[in-house]
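Laboratory data are not the source of any read-out in this text; all were calculated from the coordinates shown. Just so it is clear, the structure is predicted and the values come from calculations on it, not from any experiment. Here the Cβ positions follow ideal geometry from the backbone for every residue, glycine too, while neighbour counts run over all protein chains shown.
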Amino acid sequence: MHGTKRAGEKDGASRALAFDLVVLLGLVALFVASLCLGSVETTPAEVLRILAAGPGDGSTAAQVIWQIRLPRAIEAVLLGGALSLSGFLLQTFFANPIADPFVLGVSSGAKLVVAVVMIVVLGTGHIMSPAASVGAAFAGSLLTMGFVLLISRRVRTQSTLIVAGVMVGYICSAATNFLVAFADDQSIVNLDNWSRGSFSGATWPDVAFIAVCVLAMDAAVFALSKPLGAYQLGEPYAQSVGVNVSGLRLLIVTVSSLLSACVAAFAGPVSFVGIAAPHLAKRGVRSSRPLYVTPACLLTGAAFCCGCDLVARTLFSPVELSVSAVTAVFGAPTVIALMLRGRSR
């Protein structure tokens, strides 16, 4: 029996590793395409030459790659992985396959607090720093998540909880629109550009800040893989194997809120990545074990956002689409197809 179990675990690990390698290759291809394609087209060989030469090259292609495309592509990869992991944590926490920061209103709550700080606190002529943006978005995420948790204690069905989260999102959006009515023109433009969801305008200081925050939270999710696996089997089982359930729940809420806050602060609300990417990852590794799903989620979310950003930037160039619109176009049908396939099985 032990031999059969070990063989099954070995097959699961091999399957997960194979899926991760395939997604990683796809991510590398999309990343290279993001550096090559655009108004100034370059070949992969020229991109490698420019990257090897460093940012000191004064050519137009080098400036476009180093100052615009490379930080934008890195930001899309980091924030895409963050959204996917945040969605996976929330789906595990609520035991609901369609829970994610966008659906539960967490992104809308983050937007509301960012709007309050941008319009009411700072006012005209002030620009929010990256730390202030993440802090405001994190506060909004936590407040919204806390409210959803209060609702979850009163409702009996997960579908009611999702509806409540959607309603919370509408309330936050309405409050944000109320604030916009009294804002100056520059604040309205800044908030409107931010709320569309986009990876444009990424700078190297932004990328450095995002990398520190997101990579630390990614490491925390990896460290939680074992207790998360026990939590998936039910709170009584998790307690029986020594998991501090209340502490784990607090960590899940905090880490997922920080991940979604980073995305909301730098890219605005991005929809469906937190739902679609975890589903694709679970389907790819054919398992729900966090030890296998976590790296798959990270890579799948990164590849998904990198590809959607490439489409948003190049499909109707020079007109740029909202990345949230592109993720919805690809993410919503993906989720529907996976759910229908799972129901038929």
**Q.** Cut-off 20 Å, label 7 Å out along Cα→Cβ of A45, residues of segment 61-86 by amide N
**A.** 61-62, 65
Q) Per residue Cα convex hull volume for segment 266-345, in cubic angstrom? A) 91
Q) How big is D, in µm² s⁻¹, for segment 11-344 by Stokes-Einstein at 37 °C and 0.692 mPa s if Rh is the Kirkwood radius over C-alpha pairs? A) 161
Q) With the contact rule set at Cα under 8 Å and sequence spacing of 6 or more, what percent relative contact order holds for segment 11-344? A) 32
Q. Can you pull out the chymotrypsin sites (Phe, Trp or Tyr not before Pro) in segment 281-345 that DSSP calls coil and that have at most 12 other Cβ atoms within 10 Å?
A. F316
Q: Would you please give the residues with an amide H less than 5 Å from that of D57, counting only those at least 5 places away or on a separate chain, with H modeled from the backbone geometry?
A: none
Q) Which value at 222 nm does the chain reach when only helices count, each DSSP H run of 4 or more adding -39,500 (n - 2.57), with the total divided by all residues and rounded to the nearest 500 deg cm²/dmol? A) -25500 deg cm²/dmol
(Q) Charges at C-beta only: +1 for Lys and Arg, -1 for Asp and Glu. How large is the resulting dipole of the chain about its Cα centre, in Debye rounded to 20? (A) 1560
Q: Enumerate the calculated ³J(HN,Hα) couplings along segment 226-233 in order (Karplus 6.51 cos²θ - 1.76 cosθ + 1.60, θ = phi - 60°), each rounded to whole Hz, writing x wherever the residue is Gly or Pro.
A: 5, x, 5, x, 5, 5, 5, 8
(Q) Just to be sure I understand: with springs between alpha-carbon atoms less than 10 Å apart, which residue in R72, R154, R249 has the highest mean-square fluctuation in the Gaussian network model of the chain? (A) R154
